[in-house]
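> Questions regarding the structure given below will be posed in turn.
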Amino acid sequence: IRCWSNIPFITMPLSRAHGKSFAHRSELKHAKRIVVKLGSAVVTRGDECGLALGRLASIVEQVSMLQNQGREMMIVTSGAVAFGKQRLRHEILLSQSVRQALHSGQSQLKDMAIPVLEARACAAAGQSGLMALYEAMFTQYSICAAQILVTNLDFHDEQKRRNLNGTLHELLRMNIVPIINTNDAVVPPPEPNSDLQGVNVISVKDNDSLAARLAVEMKTDLLIVLSDVEGLFDSPPGSDDAKLIDIFYPGDQQSVTFGTKSRVGMGGMEAKVKAALWALQGGTSVVIANGTHPKISGHVITDIVEGKKVGTFFSEVKPAGPTVEQQAEMARAGGRTLAALQPEQRAEIIYRLADLLTDQREEILLANKKDLEEAENKGRLALPLLKRLSLSTSKLNSLAIGLRQIAASSQDSVGRVIRRTRIAKDLDLEQVTVPIGVLLVIFESRPDCLPQVSALAIASGNGLLLKGGKEAAHSNQILHHLTQEALSIHGVRDAVQLVNTREEVEDLCRLDKLIDLIIPRGSSQLVRNIQKAAKGIPVMGHSEGICHVYVDTDASVEKVTRIIRDSKCEYPAACNALETLLIHRDLLRTPLFDQIIDMLRVEQVKIHAGPKFASYLTFSPSEVKSLRTEYGDLECCIEVVDSVQEAVEHIHKYGSSHTDVIITENEKTAEFFLQHVDSACVFWNASTRFSDGYRFGLGAEVGISTSRIHARGPVGIEGLLTTKWLLRGDNHVVSDFSEHGSMKYLHESLPLPQRNAN
């Protein structure tokens, strides 16, 4: 706790040795001293007369929040000229209206012309009002602000530089936010090409160069430059081919075409880049971002500090491999080439991958052993996740068998005709299957997922981006290498990409122009986070696997314990494992019920009692905290129901629409359950563990979907395909089918071509 003027404030332990900029966005959260530069387009309204008050209030709120976290915030602001222009125009209009009313009458008021206002006069009139506004806004957060006006001469005079530096340090020590601006009331017009070479000198020609100079002088960790564009583009923003540059490196200027400067202010994007590179050379990290967009301006500064992918980040460290955007483009191009291959060629790739999994078994298991040892040493994985992380010879053999199933069943998956219609004479329409495009599959602790998903993507002709967990890095690396080796036999190596950069999952979910479908494979928390983060990309998956088994009064004694044991104990960490056991009330205190309880105790399954079950017991197990719980371990909930109808209602209320089972010998009751339970998978007298792509004969699955659009249940090749329409005509136009036209619609269904018997 530090104190100033009897007001205590808390500081965070944020510190680092200055002299080198941050290499990655993820490190920005460690920034202690931050300069926020507000461009004229950010501070002013669209008419350039007056301030954008709502936007400014949001920026002050974000700066205040970071200041109260213990960071040292400084603002370099524009806006004095615009604010002064508003005030002077008002005064001139008022003065003119009075004079003209006295001399010429009201009829000439509409013809009044407002003279061009000199910028220095506007700045003089607006500086005090702008500062008063900042003070009022910061006061709402119990933060004091102080104004500092500077000119280029202040940086050339050594004594003035020392005075400025000392003043700023003292203000920061007192937890005061300095508001810095060029003194536009006295500053001379900028001289072209007046920059001197070297790290120590940059001319203060505008607020961009001022912010850069100040950031280096004050040994600032981060400079955030807010403008009216998203960041730096490889061509002028608004042009058809313009792409936002995520990371900009010194020396990349040749690949960039600069457009015109912003609608207001002195500096355009070229000036911002020059200032940013100068600051970067001086050891300050820089991000240029949009401070005017209504959807992001309310959190743009905090998002940047949190390391999120916002704007253009300037870095001196160039990664060895491609960016994730480049990987996505490579996957799309590779996927299109893959889809154009013959079905036999795609199958050959998958067969080759299956062979590599067994041929390279020793190398794979060695890499997996490294992952297991690192996870155990760090103690960061629970036992169920360690089991998922582990590979074995039997797992690799099963994977190879599954991949061969996929290869055999994929012969006519892409380009299959599913509908043919004769629209009119010589005008035939076909609906055919095509790949979805680029898939992003995010998975945790499951290296066996990589070859499974890769094989399904290859079979369906999709490009694939894979993002695995850090805990499986060694395993994923070798499995991806083998996948690309298999793809190379037909020249489509780039179709499957493994993301190895420090990309956060949330940032990947924002690549809506590059990714067509996201498939999460992991914990319910991971799936929920992805569903929340993916604003413009569909997500296929399930957030939870709360699977039920209902034991009916007519259940077979021999079947009950076998099915329950397999559903719960065979692999309790799986999403298709039993979590809630529903027992018909009439079975309580019967030998069958005792057998179920004894079996669970022998298997060391911890039992949680549902509220209704607990009411029947004098000494009950621990009562369940929630009936909507996925344990993922040797634990389960037992609840009592009065009928199959109540069992269905319980499943609909507390289940996750994943997999639910009835055990009964009564066919009528079973059919009622099968027809009324609204889940992706509903079974009769079979374990929940059958809910799996391999066991369904799909070869493998990319996941189990509980959504109701496109694909549901275990998702194999079919779930990774969409369709397109092909219309073949001969000089047909719609006007021929009008009331007086020569053509008539037929809409005749045509037979489908024979599918490949293999």
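The values are calculated or read from the model by the stated rules, or taken from the named source; none is laboratory data. A quick note: this is a predicted structure, and the numbers were derived from the prediction, not measured. Cβ placement follows ideal geometry from the backbone for every residue including glycine, while neighbour counts extend to all protein chains displayed. Please note that ligands, DNA and RNA were not included when accessible areas were found on the heavy atoms of the full protein model with its side chains. Shrake-Rupley method; radii C 1.70, N 1.55, O 1.52, S 1.80 Å.
> Regarding the chain, what's the average projected area of the Cα-atom convex hull, expressed in nm²?
Answer in nm², one decimal: 49.3.
> Using helices alone, what [θ] at 222 nm do you get for the chain, with -39,500 (n - 2.57) per DSSP H run of 4 or more residues, divided over all residues and rounded to the nearest 500?
Calculated from helices alone, the mean residue ellipticity at 222 nm is -11500 deg cm²/dmol.
> Principal axis extents for region 382-541, Cα atoms only, whole Å, descending order, please.
Dimensions of region 382-541 along the principal axes of its Cα atoms: 65, 37, 28 Å.
> If the limit is 27 Å between Cα atoms, which of Lys395/Lys535; Lys309/Lys467; Lys29/Lys535; Lys160/Lys318; Lys29/Lys85; Lys272/Lys308 go over it?
Cα-Cα > 27 Å for Lys395/Lys535; Lys160/Lys318; Lys29/Lys85; rest within.
> Rounded, prolate or oblate: which fits region 590-668, taking a ≥ b ≥ c as square roots of the Cα gyration tensor eigenvalues, rounded meaning a/c under 1.5, else prolate when a/b beats b/c?
Note, shape of region 590-668 comes out rounded.
> What is the calculated FRET efficiency for Ser622 to His293, with r their C-beta to C-beta distance and R₀ = 56 Å, to the nearest 0.05?
It comes out at approximately 0.65.
> So what is the relative contact order for the chain, in percent, with contacts set as C-alpha pairs under 8 Å and at least six apart?
Across the chain, relative contact order equals 11 percent.
> Contour minus end-to-end for Ser26 and Arg708, with contour as 0.36 nm per residue of separation and end-to-end as the Cα-Cα distance?
Residue separation times 0.36 nm, minus the Cα-Cα distance, leaves 241.9 nm.
> So, one more: What is the spin-label model distance, in nm, from Arg422 to Val733 if the labels are put 7 Å beyond Cα along the C-beta direction?
The two pseudo-label positions are separated by 2.5 nm.
> May I pose another question? In debye to the nearest 20, how big a dipole does region 548-701 give about its Cα centre with +1 on each Lys and Arg Cβ and -1 on each Asp and Glu Cβ?
The calculation lands at about 300 debye.
> Taking 0.36 nm per residue of sequence separation and subtracting the Cα-Cα distance, how much length would be gained by fully extending the chain between Arg45 and Ser142, in nm to one decimal?
Using 0.36 nm per residue and subtracting the Cα-Cα distance, I get 32.2 nm.
> Among Val682, Thr618, Gly632, whose Cα sits farthest toward the positive end of the charge dipole of region 548-701 (+1 at Cβ of Lys/Arg, -1 at Cβ of Asp/Glu, about the Cα centre)?
Comparing the listed Cα positions along the dipole, Thr618 ranks first.
> For Glu570 and Asp642 in the same chain, what is the full-extension length gain: residue separation times 0.36 nm, less their Cα-Cα distance, in nm?
The span from Glu570 to Asp642 would gain 23.1 nm if fully extended.
> In the chain, what percent of the accessible surface is made up of carbon and sulfur (1.4 Å probe, ligands and nucleic acids excluded)?
Its accessible area is 51 percent carbon and sulfur atoms.
> Compute the angle between helix 207-217 and the longest alpha-carbon principal axis of the chain, please, reported from 0 to 90 degrees and rounded to the nearest 10.
In the chain, helix 207-217 runs at an angle near 80 degrees to the longest axis.
> Let me ask something else about it. Give the aspartates and glutamates whose C-alpha is closer than 15 Å to that of Lys243, dropping any in the same chain fewer than 8 places away, or say none.
Glu230, Asp234, Asp252, Glu325, Glu329, Asp512
> If R₀ is 30 angstrom, what is the calculated FRET efficiency for the pair Gln431 and Gln675, using the beta carbon separation as r and rounding to 0.05?
Efficiency computed from Cβ-Cβ geometry: 0.50.
> What figure, in Å² to the nearest 10, do you get for the accessible area of Asp594 with a 1.4 Å probe and non-protein molecules left out?
My reading of the accessible area for Asp594 is about 80 Å².
> Given R₀ = 35 Å, what would the calculated FRET efficiency be for Glu374 paired with Glu603, taking r from the Cβ atoms and rounding to 0.05?
According to the calculation, E is roughly 0.70.
> Treat every Asp and Glu Cβ in the chain as -1 and every Lys and Arg Cβ as +1, leave all other atoms uncharged, and give the resulting dipole magnitude about the Cα centre to the nearest 20 debye.
Once rounded to the nearest 20, the dipole reads 1500 debye.
> Starting from the amide H of Lys219, placed 1.01 Å from N in the peptide plane, find each other amide H under 5 Å away whose residue is 5 or more places distant or on another chain.
Result for Lys219 returns nothing.
> Please state the Cα pair-distance histogram of region 548-701 with 5 angstrom bins from zero: what percent is in each bin?
Going out from 0 Å in 5 Å bins, region 548-701 shows 2, 10, 20, 25, 23, 14, 5, 2, 0, 0 percent.
> Give a residue-ordered list of calculated ³J(HN,Hα) values for region 290-298 (Karplus: 6.51 cos²θ - 1.76 cosθ + 1.60, θ = phi - 60°; whole Hz; x for Gly, Pro).
Using θ = phi - 60°, the values come out as 8, x, 10, 5, x, 7, 10, 5, x Hz.
> Please list 3J(HN,Hα) in residue order for region 575-591, calculated via the Karplus relation 6.51 cos²θ - 1.76 cosθ + 1.60 where θ = phi - 60°; whole Hz, with x for glycine and proline.
After applying 6.51 cos²θ - 1.76 cosθ + 1.60, I find 6, 9, 7, 4, 10, 10, 9, 9, 10, 5, 3, 5, 8, 4, 6, 10, x Hz.
> Only sites in a loop by DSSP and with at most 10 other Cβ atoms within 10 Å count here; which GluC sites (Glu not before Pro) in region 119-172 make the cut?
Answer in residue order: no site qualifies.
> Now, a different point. Which loop trypsin sites (Lys or Arg not before Pro) in region 299-402, with loop taken from DSSP, have no more than 13 other Cβ atoms within 10 angstrom of their Cβ?
Qualifying residues, ordered by number: Arg380.
> Another one. Go ahead and collect, in residue order, the members of region 321-348 whose backbone nitrogen is under 20 Å from a label point 7 Å along the Cα-Cβ direction of Thr722.
From region 321-348, the list is 328-341.
> Using the heavy atoms of the protein chains and a 1.4 angstrom probe, tell me the accessible area per residue for the chain in square angstrom.
For the chain, the solvent-accessible area averages 46 Å² per residue.
> Along the charge dipole of the chain, pointing to its positive end and built from +1/-1 on Cβ of Lys, Arg, Asp and Glu, which listed residue (Gln411, Gly334, Tyr571) has its Cα farthest out?
The listed residue farthest towards the positive side: Gly334.
> A further question follows. Give a residue-ordered list of calculated ³J(HN,Hα) values for region 349-363 (Karplus: 6.51 cos²θ - 1.76 cosθ + 1.60, θ = phi - 60°; whole Hz; x for Gly, Pro).
4, 5, 4, 5, 5, 4, 5, 5, 4, 8, 5, 9, 4, 4, 5
> On to the next question. Pull up all non-local amide H partners of Ile436: gap of 5 or more, or a different chain, and H-to-H distance under 5 Å with H placed in the peptide plane.
Thr722
> Let me ask you something else. Return, ordered by residue number, the residues of region 414-429 whose backbone nitrogen is under 18 Å from a label point located 7 Å along Cα→Cβ of Leu746.
419-429
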